[in-house]
Amino acid sequence: MPADRLTRVQAQLRPLGLDALLISTPPNIRYLTGMAASTGLMVVGVDACLLIVDFRYATVAREVTAGSAIEVHVSDGSVDAAAAVILRGPGISRIGVEGDHLSVARFNTLGMAIAGPGSERVSAASPELVSTARIVERLREIKDAAEVEILREAGRRISAVARHAREWIRPGVTEMEVAAAVDAAMRRAGFERPAFETIVASGSNGALPHARPTRRTLAEGEGVVLDFGGVYDGYCVDLTRTLHLGPMPADFRRMFDAVREAQAAAIRRVVPGVGPADIDRAAREVLEAHGFGEAFGHGTGHGLGLEVHESPRITQLAPAGEPVTEGMVFTIEPGAYVPGIGGVRIEDDVLVVRGGCELLTDVPIEL
Ligand code: ZN
Ligand code: ZN
């Protein structure tokens, strides 16, 4: 794991007035240590770092941190209790926690445990737990060279899978059968698992942006939204194509062409320094011009990485002061959903590079 990931977290502690930071979110722990585990807790100090795991992860924790500045502590009981004992030490008065992820119950238990055994409540002299936001997530937004290589490879592989879509999407099969075929193809293509439950939304179901595959049978003359993603070496890619069984009727064609044009406009807008809201607006304006403004009710895209939905969010509400920068990877996926006609969504993954963006996915828009 590149050591600068940890040192860049440590460098933020003093400016935030923190003596230590507790990292409890599995993708953040993975980002900093390389360990993929469902539990574990990191105690990051200004110049030291401890990874606390239980016996299930002792071997892998030692392996991934060998030769690094991270010390492994194997706890007998809960990792929180072990952290509490360590954090009771002198000189620790303000401890950051990941406020977006830590539950209130765990926050309270940790506070009590740090205050000491037998304490009914946290005393004024106890170290204070402080909510922090997006310390590791902001680092994760900008992919380093190793991450970019994994995502490029994942993009190539998901594209290769998508090019077979016509073989699975045909009249007479159910949405569930299509989803099973897509998931099997992802496994064969080297993906560890689907990044989310594959969406196959046919006919009227296409008007539901997050439809789940049903036993509905695909029929000639209807559209099918196919949205699927895979996890490759821990990293997520995500792709959507909308197919039509037989020639598209005029109303469906209008919607399809509008979404295609909106997606192209948004991709053209991606350049370092532009705000996510501007990218979103580029797609939205095209759809509005074609009369589909009301039919596009979600954001234009989302960041990709160790999680399938991470920052940056490419939406109207994205903060103006946080432009996209080189190394960010996110989706561009405008859609239009009209009850009675169905839905169209087209999604590709882009990497922000100097002067524009590189498409990580490469599949004909019209399959
Ligand atoms: Zn998707
Ligand atoms: Zn997506």
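With the convex hull of its Cα atoms as the shape, the chain has an orientation-averaged projected area of 20.1 nm². All C-alpha to C-alpha distances of region 199-321, sorted into 5 Å bins beginning at zero, yield P(r) values of 2, 10, 17, 20, 21, 16, 9, 4, 1, 0 percent in whole numbers.
So what is the orientation-averaged projected area of region 147-239, using the convex hull of its C-alpha atoms, in nm²? Numbers along the way, then the final one.
Numbers: hull surface 22.0 nm².
Computing the convex hull of the Cα atoms and averaging its projections yields 5.5 nm².
Considering only Leu306, Leu151, Leu22, the mean-square fluctuation computed in a Gaussian network model of the chain, springs between alpha carbons under 10 angstrom, is largest for Leu22.
Shape call for region 142-359 from the C-alpha gyration tensor, a ≥ b ≥ c root eigenvalues: rounded (a/c under 1.5), prolate (a/b greater than b/c) or oblate? Because a/c hits 1.5 or more and a/b fails to exceed b/c, region 142-359 counts as oblate. About the centre of its Cα atoms, region 232-365 shows a dipole size close to 380 debye [charges on the beta carbon of Lys, Arg (+1) and Asp, Glu (-1) only; nearest 20 debye]. Each eigenvalue of the Cα gyration tensor of region 3-139, multiplied by 5 and square-rooted, gives one semi-axis; in descending order these are 22, 18, 13 Å.
Evaluate the charge dipole of the chain about its Cα centre and quote only its size in Debye, nearest 20, assuming +1 on the Cβ of each Lys and Arg and -1 on the Cβ of each Asp and Glu.
Numbers: 37 positive and 48 negative charges, 31 e Å.
The dipole magnitude comes to about 140 debye.
What are the trypsin sites (Lys or Arg not before Pro) within region 151-214 that DSSP puts in a loop, where the Cβ has at most 15 other Cβ atoms within 10 Å?
On the way: sites: Arg152, Arg156, Arg157, Arg163, Arg166, Arg187, Arg188; in loops: Arg163.
In loop regions of region 151-214 (DSSP not H, G, I, E or B), the sparsely surrounded trypsin sites (Lys or Arg not before Pro) are Arg163.
Across all directions, the average flat footprint of the convex hull enclosing the Cα atoms of region 55-214 is 14.9 nm².
Per residue, how many Å² of accessible area does the chain show with a 1.4 Å probe?
44
Thinking of region 1-56 as a set of Cα atoms, what percent of all their pairs are more than 15 Å apart? So the portion of pairs separated by more than 15 Å is 44 percent.
Largest GNM mean-square fluctuation among Asp183, Asp348, Asp54, using the chain with Cα springs under 10 Å: Asp54. Among the protein heavy atoms of the chain, carbon and sulfur supply 54% of the accessible surface, probe 1.4 Å, non-protein parts ignored.
The values are calculated or read from the model by the stated rules, or taken from the named source; none is laboratory data. Note that the structure is predicted; figures quoted are calculated from it, not measured. Cβ coordinates were reconstructed from backbone atoms using ideal geometry, including for glycine residues, and neighbour counts include every protein chain displayed. Surface accessibility is based on the protein's heavy atoms, side chains included, excluding ligands, DNA and RNA. Shrake-Rupley method; radii C 1.70, N 1.55, O 1.52, S 1.80 Å.
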